[in-house]
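Please read the structure below before turning to the comments.
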Amino acid sequence: MLQVSFGVSNASPIATIGSITSTVSSFLNPWQELSTAASNMRMPVTHAGKRSSTSLLVIASALVMPQVKAKCNRRNQLKRVSKTPVIRRCAIEQVSEQDVKSMLAGRELEETAQDHEQLPEQDFKCKQAGRELEETAQDHVFTWLGQSPVYKSPCFTAVHKHFPNALPASVVHERTRMVLEQEFGFRPETTLLGSSFCPDEINNQLQDLATVMRNYYGKIYPMGGIGGVPYVGETGFRAFSSHVGDDGDIIVVFGPHVGVSIDGKVGDYQREGQGKVSTACGAVIGAYKACLCNTGKSLEFNEKDMQMSEIMQEFAPHVKKLESAEDPIAESSYVAYEMVKDRMLRIVNTTFGSGRLVLIGGIQLNLPFPDTDDHFLPLMFEVRQEGREPISLMDCFVNPSIQQNLAFCPWSTVTAQREVFAWMNWSPPAASPLNKTMHKFFPGALPGEAVHRRVVTILSEYGFGPSNVLLGTSFCPDEINNTPTSMGVLMQDYWGEVFPMGGISGVAFTGVTGFAAFSGHVADDGHILVAFGPHVGISEEGEVGKIRRSGQAGLSDACGEVIGAYNACLTGWKDDKGDSSYDLEMDFCKRAIAPHAAAIQRAENPVAALTHQAYHTVQRSVDASVNTDFGNGYLCLVGGIQINMPCGYADHFYPLRFELRKEGQQTINLLSNLLEFREFF
């Protein structure tokens with residue numbers, strides 16, 4: 001039985017409700033130890049004369065108990081499923097027709113969606129749900145990252161009016177990846193990826209779902225023709241599935257696509273290099289218009305244009321309904337999805353081995369490039385295995401705490417950014433020791449990807465682009481600073497060639513001479529971007545200065561050189577000029593730390609304090625090296641502390657400096673654009 005404890009507080013009912021909702025949605029394993037988790041939640045009550053504790057208990061029950069009941073139902077379903085290590089998640093019940101109608105009424109009823117565990121496919125259907133009138137915490141964060149259109153813009157309105165619940169493609173990948181790996185044990189090296197999208201080149205950009213997934217899983221088997229239909233058929237899937245490794249798994253992602261222009265026109269897309277918009281998907285829109293012109297006429301199958309003929313025959317029975325829709329092109333996308341899904345289900349099977357078949361279906365939205373990322377509207381996420389019932393995982397795209405309307409739910413602004421990043425699997429859960437430690441000693445630290453995206457977005461306003469920017473970095477050469485989620489690597493992947501200025505600890509040991517040589521390579525009227533800072537590890541248990549490296553059973557120091565220099569100073573290291581050993585950079589670190597060692601030792605967390613002191617040392621070395629004499633362009637400095645996270649989480653960056661300099665002009669401070677936001681109004 002769930003127990004809610006009461007105390008005396010002046011907190012408002014709205015704040016109380018938000019606290020309860022956030023607590024429930026943050027359960028790491030919702031169907032285990034619910035009573036323990038709930039008993040730790042204190043629900044404030046007002047003084048006498050205000051709202052009574054009884055009425056607040058009713059509010060608490062209304063918010064908490066449906067989710068508890070839903071988790072218990074899931075647990076009971078799990079008991080009825082064969083308990084094998086292959087399938088460990090329960091099948092999801094279908095909701096009633098009345099429940100579907102309730103959920104379609106608006107995002108303010110999201111508790112209902114959570115109660116029923118899954119948003120069935122109909123919930124995502126093109127409906128007048130008013131979603132385009134809402135901005136959620138999730139929307140705001142995606143816009144802040146440069147992934148989604150701005151709230152109230154024509155593009156935002158069109159996307160959320162006709163394709164509510166669409167997400168940036170990279171987010172869909174992260175959510176599906178996390179569930180498959182954490183709950184089903186999927187691994188990239190044993191997973192075979194297939195796709196069925198229209199071959200239109202705008203579906204093969206870096207931010208598109210198939211490309212994002214290919215870059216993670218490796219090779220891909222494209223099965224789709226125009227419209228996204230898997231024309232390879234049963235023969236193609238049989239050939240594809242025969243390539244899977246022993247006991248390996250298969251993922252197939254599929255769906256049609258549709259463009260949404262910057263002015264909110266569904267079906268339009270501004271292609272690179274063209275002066276006017278063109279249609280997307282041209283095949284689907286062309287089929288609809290052809291059927292419209294030939295209503296009632298027999299459509300002959302043309303073997304010289306087989307794929308288009310099949311699409312036209314599919315659309316012919318629906319043309320009258322489509323013509324009467326508010327937006328026929330948006331509605332056509334759903335007809336196209338049903339066509340692609342139907343063909344996909346007819347060709348796939350689970351007889352390829354003992355592994356699982358995962359089907360991820362939806363509608364790909366081609367949004368204005370490069371201002372936003374392409375989105376994907378998930379309509380199917382299902383795990384299948386021979387001899388087992390299919391398992392729907394659509395609930396992984398639902399998180400009420402970050403998908404509330406901010407206009408009615410101001411409490412969700414307090415930790416919205418961190419919750420969204422945790423939901424995207426960029427950051428650890430808010431309640432974890434790792435997250436608490438990071439934000440206590442490095443408040444406002446952000447995933448490296450978030451900082452990188454913000455830097456790119458902001459600098460584009462000042463004319464920075466990959467073709468006119470020369471990148472320099474000053475980070476410690478430790479290999480854990482050279483992972484795909486590290487700031488230096490993220491920036492190099494985007495900006496191109498890099499000039500490493502840093503030695504151990506991140507100090508810019510290349511000095512004045514190194515920067516002079518580096519800046520001499522910049523393009524005419526080009527810009528220079530220098531990112532710098534020390535690094536520190538944080539273990540899963542929240543220990544600052546420790547990290548578990550690949551292949552090692554125990555924890556090791558990070559940054560080892562900075563911590564080593566500090567320990568040497570504590571044990572009486574003296575700057576002996578007569579020492580014949582050669583350790584130039586380490587001796588510099590010791591000299592920089594020695595005057596502060598005693599004060600650092602008295603700090604609540606000496607390693608955290610040491611890292612902040614190391615940042616100042618690195619910053620001084622960069623300032624002493626750089627200049628703006630290289631030309632007419634800007635010098636951009638991005639400084640902070642790189643935080644090495646445990647395996648499974650993206651590295652973070654604590655931004656402390658972001659500024660633009662130009663010869664003869666005042667420095668422009670842009671740091672506020674990188675800081676964690678708390679309020680949106």
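Give, as a single signed number, the net charge of other residues whose beta carbon lies under 13 Å from the beta carbon of residue 494, with Lys and Arg counted +1 and Asp and Glu -1. Around residue 494, the charge tally is -1. With a 1.4 Å probe and every protein chain left in place, tell me how much accessible area residue 509 has, in Å² to the nearest 10. Residue 509 exposes around 70 Å² with every protein chain in place. Of 574, 590, the order by accessible heavy-atom surface (1.4 Å probe, DNA, RNA and ligands excluded), from most exposed downward, is 574, 590.
Restricting the GluC sites (Glu not before Pro) of region 588-681 to loop positions (DSSP other than H, G, I, E, B) with no more than 13 neighbouring Cβ atoms within 10 Å leaves 604, 663, 679.
Using alpha carbons only, how many angstrom separate the centre of region 390-447 from the centre of region 258-315? After rounding, the separation between the Cα centres reads 40 Å. In the context of the full set of protein chains, region 557-681 has a per residue accessible area of 49 Å² (1.4 Å probe). Computed with every protein chain present, the accessible area of residue 143 is close to 40 Å² [probe 1.4 Å]. Rolling a 1.4 Å probe over the protein heavy atoms of region 129-217, with every protein chain left in place, gives an accessible area that is 53 percent carbon and sulfur. Ignoring aspartates and glutamates fewer than eight residues from residue 289 along the same chain, the ones with Cα atoms less than 18 angstrom from its Cα are 268, 300, 305, 310, 314, 323, 326, 327, 331. Summarising the strand pairing of region 121-269, around 10 percent of its internal DSSP beta bridges are antiparallel. Applying a DSSP loop filter and a limit of 13 other Cβ atoms within 10 Å to the trypsin sites (Lys or Arg not before Pro) in region 608-681 leaves 678.
How large a share of the accessible area of region 420-577, in percent, is made up of carbon and sulfur atoms when the probe is 1.4 Å and the other protein chains stay in place?
On the way: 3250 of 6230 Å².
The nonpolar share, carbon plus sulfur, comes to 52 percent.
Evaluating 6.51 cos²θ - 1.76 cosθ + 1.60 at θ = phi - 60° for every residue in region 422-428, the Karplus couplings come out as 5, 5, 7, 6, 7, 10, x Hz, glycine and proline recorded as x. What the phi angles of region 241-250 give under the Karplus curve with 6.51, -1.76 and 1.60, with θ = phi - 60°, is a coupling list of 5, 6, 8, 5, x, 4, 6, x, 10, 10 Hz, glycine and proline written as x. Summing charges over neighbours of residue 639, with a neighbour being any other residue whose Cβ is under 10 Å away from its Cβ, gives -1 when K and R count +1 and D and E count -1.
3J(HN,Hα) along region 275-283, derived from phi through the Karplus expression 6.51 cos²θ - 1.76 cosθ + 1.60 where θ = phi - 60°, amounts to x, 9, 6, 10, 7, 7, 8, x, 5 Hz, with x in place of Gly and Pro. Among the GluC sites (Glu not before Pro) within region 458-548, those in coil by DSSP and having at most 14 neighbouring Cβ atoms inside 10 Å are 461, 497, 541. Taking a straight line from the alpha carbon of residue 436, these aspartates and glutamates sit under 12 Å away, with near neighbours fewer than eight places off in the same chain left out: 540, 541, 543.
The values are calculated or read from the model by the stated rules, or taken from the named source; none is laboratory data. All values reported here derive from a predicted model rather than from experimental measurement. Don't worry about glycine lacking a Cβ; one is built from the backbone with ideal geometry, like all the others, and counts go over all protein chains shown. Just the protein is used for accessible areas: all its heavy atoms, side chains included, with ligands, DNA and RNA removed. Shrake-Rupley method; radii C 1.70, N 1.55, O 1.52, S 1.80 Å.
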